[in-house]
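Reading through the structure tokens given below for one structure.
Just so it is clear, none of the values below were taken in a lab; they were calculated from the coordinates. As the structure is a computational prediction, the values presented were derived from the model and not from experiment. For neighbour counting, all protein chains shown are included, and Cβ atoms are generated from backbone atoms with ideal geometry for every residue, glycine included.
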Amino acid sequence: MRILSINVGLPRDVEWQGRNYRTGIFKEPVAGAVAVRRDNLQGDGQAELSVHGGIDKAVYAYPSEHFPYWRGEFPETEITLGMFGENLTTIGLSEETVQIGDCHRVGSAELVVTQPRMPCSRLGMRFQDKTIIKRFLASGKSGWYYSVALEGSVTAGDEIELISREKETVSVREILELHQAADADQEMLRKVVEIEGLSTSWRRHFSRALVR
């Protein structure tokens with residue numbers, strides 16, 4: 001398990017479908033060591049901080065193994081490193097194997113898995129195709145966000161080491177499916193709200209479902 005690419009980018013203004021948007025989804029690979037801070041990577045930024053970035057979504061990871069699938073879905077689109085707005089393009093990890101609350105050592109930093117990524121209109125802008133939003137969600141190929149437990153630095157090629165895992169947890173894929181379920185299992189809901197590493201917003205969502 002390792003980092004294939006580190007991708008960063010600052011917000012920019014983009015015209016799409018006759019409107020101007022400010023977005024940070026355009027990420028490009030960078031060479032050398034990159035500092036990992038509590039809220040993002042060095043040289044990276046988000047445009048809408050109310051929904052993107054922050055402590056629980058400081059770093060976004062996406063498996064390179066998904067790229068062939070998306071090239072098949074969008075044959076006329078060049079699928080490049082950073083295409084999904086990911087900071088870390090990974091090798092050897094998946095939504096089925098990565099668990100919420102997993103702590104990974106990458107370089108000298110320690111990162112904790114907090115939640116899957118939910119697609120938004122900016123992904124449609126990046127692909128120049130708004131159908132990607134529903135297709136991304138339906139695919140289950142969401143990638144995941146990390147919070148930063150220990151600041152440090154990362155470099156492309158660094159190994160990803162699992163250093164701790166919570167006893168009672170679920171995979172990224174399982175919690176994504178639970179989030180989309182029309183009638184979520186109450187026992188599973190009670191389980192996930194107790195996961196220490198789960199992001200605040202997802203804990204709030206599942207707690208509300210329990211109340212109902």
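Residue pairs whose Cβ atoms lie under 8 Å apart, sitting 6 or more positions apart in sequence or on different chains, and linking a residue in segment 89-104 that is surrounded by fewer than 19 Cβ atoms within 10 Å (Cβ to Cβ) to a partner that is of a type in the set (S, T, Y) and not in a loop (DSSP other than H, G, I, E, B), are I91/S64; E96/S171; T97/S171. Residues in segment 29-57 that are over 16 Å from the mean Cα position of the chain (by Cα), surrounded by fewer than 19 Cβ atoms within 10 Å (Cβ to Cβ) and outside any loop (DSSP other than H, G, I, E, B): P29, A35.
One line per residue, one yes/no per condition, for (1) touching a helix residue (DSSP H, G or I) at 6+ places or on another chain (Cβ under 7 Å); (2) over 25 Å from G152 (Cβ atoms); (3) in contact (Cβ under 8 Å) with a residue 12 or more places away in the chain:
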residue: G24; (1), (2), (3): no, no, yes
residue: R38; (1), (2), (3): yes, no, yes
residue: A47; (1), (2), (3): no, yes, yes
residue: A58; (1), (2), (3): no, no, yes
residue: E65; (1), (2), (3): no, yes, yes
residue: T77; (1), (2), (3): yes, yes, yes
residue: E86; (1), (2), (3): no, no, yes
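Starting from residues that are hydrophobic (A, V, I, L, M, F, W, C) and under 21 Å from D56 (Cα atoms), keep the ones in segment 118-135 and report whichever is surrounded by the most Cβ atoms within 10 Å (Cβ to Cβ). Only one residue fits best here, namely L123. For segment 1-28, a residue qualifies if it is among the β-branched types (V, I, T), crowded, with 21+ Cβ neighbours inside 10 Å and closer than 12 Å to R122 by Cα, and the qualifying residues are T23, I25. Residues in segment 95-117 that are acidic (D, E), outside any loop (DSSP other than H, G, I, E, B) and touching a Lys or Arg at 6+ places or on another chain (Cβ under 7 Å): there are none.
Counting only residues that are farther than 13 Å from V14 by Cα, assigned to a helix (DSSP H, G or I), touching a Ser or Thr at 6+ places or on another chain (Cβ under 8 Å) and not aromatic (F, W, Y), segment 118-137 holds 1 of them. crowded, with 16+ Cβ neighbours inside 10 Å, within 20 Å of I25 (Cβ to Cβ) and of a type in the set (S, T, N, Q): does that describe S142? Yes; evaluated as a whole, the condition is true for this residue.
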